[in-house]
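A short write-up of the structure that comes next.
The values are calculated or read from the model by the stated rules, or taken from the named source; none is laboratory data. Worth saying up front: this structure is predicted, and the values here are computed from it rather than measured. FYI the Cβ positions are ideal-geometry reconstructions off the backbone, even for glycines, and counts take in every protein chain you see. Accessible surface is based on the protein model in full, side chains and every heavy atom, while ligands, DNA and RNA are left aside. Shrake-Rupley method; radii C 1.70, N 1.55, O 1.52, S 1.80 Å.
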Amino acid sequence: MIIAIDGPAGSGKSTTARAVARRLGFFYLDTGAMYRAVALQFIRQGLEASLEATPDALSNLNMEMVPGADGLTVRLSGEDVSDLIRTPEVTAMSSRVSQLEPVRARMVEEQRRMAESESAEGRGVVLEGRDIGTVVFPNAELKVFLTADLRVRAARRTAQMGDGEEGAVRKEMAQRDRNDSTREASPLRRAPDAVEIDTTSISFADQVAQIVALAGERRRKGRV
Ligand code: DC
């Protein structure tokens, strides 16, 4: 079974998707972390986020997503970069590189390959990102679109960062929302058959419980 969870930055996708995967014993794939790793690759090679620079960055890309006890470890050329990909510099760059069509094509290919190899072994997969239900797995058995007010999302992200200034985080998030939803290549949008869950005022436990219940329903209907 494939579960696609999409939504804007700070909508609670990562924590929710991780918890759902743990509850169901599914493989969890954070596709945003993959775009972040590519962004770090561009930065490390001193490249601009441009179409001209893309072949250079992609031909040297050696990225691994390794599942572990507390989530995914992201490796770039063998180095654990799980923390490095969360810096503001990489965050801003990830928004730019994710607009490049060849970058998206490579990421989508890798996402499908990883999820299909887990499925082939009989394991369910939870993928989380912006285009999972629309592009990567349009036939996913369950699609969820998470939303929340910008203010709430910015407050959550600031708390997560520990040292951010909420006003600045909100501005940066609004800019990223605009980039993500207006770009030409696979813009962020809700798939018509996705279940929308607004997390502004529901608890984290409720979000997870709702998705786990939906997964159970789909499974019972034989749509596994
Ligand atoms: O979810 P995140 O903040 O870690 O994502 C980082 C960037 O990658 C964000 O600007 C949107 C982009 N992204 C994307 O375009 N498609 C995805 N499936 C996942 C993330």
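Could you look through the range 116-133, keep only residues that are open to solvent by less than 30 Å² (accessible area, probe 1.4 Å) and more than 9 Å from the ligand (Cβ to nearest atom), and pick out the one that is nearest to Thr158 (Cα to Cα)?
Filtering the range 116-133 for residues open to solvent by less than 30 Å² (accessible area, probe 1.4 Å) gives 124-129, 131-133.
When the remaining residues are screened for being more than 9 Å from the ligand (Cβ to nearest atom), the result is 124-126, 133.
Working: Gly124: 32, Val125: 29, Val126: 25, Gly133: 28 Å.
Looking at the filtered set, the residue picked out is Val126.
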Subset of the range 202-224 (residues that are open to solvent by 80 Å² or more (accessible area, probe 1.4 Å) and in contact (Cβ under 8 Å) with a residue 24 or more places away in the chain): Phe204, Arg219, Arg223, Val224
Count - residues of the range 13-56 that are small (Gly, Ala, Ser) and open to solvent by 20 Å² or more (accessible area, probe 1.4 Å): 6
Counted residues, the range 187-201 - those being open to solvent by less than 50 Å² (accessible area, probe 1.4 Å) and either part of a helix (DSSP H, G or I) or over 20 Å from Ala17 (Cβ atoms) (or both): 1
Whichever residue in the range 143-186 is assigned to a loop (DSSP other than H, G, I, E, B) and in contact (Cβ under 8 Å) with a residue 40 or more places away in the chain and, among such residues, is surrounded by the fewest Cβ atoms within 10 Å (Cβ to Cβ): Glu184
Where Arg113 falls short, out of the listed (1) surrounded by fewer than 21 Cβ atoms within 10 Å (Cβ to Cβ); (2) farther than 19 Å from Tyr35 by Cβ; (3) among the charged types (D, E, K, R): (2)
Condition check for Val126: over 18 Å from Ser186 (Cβ atoms) and either at pLDDT below 95 or part of a helix (DSSP H, G or I) (or both): no
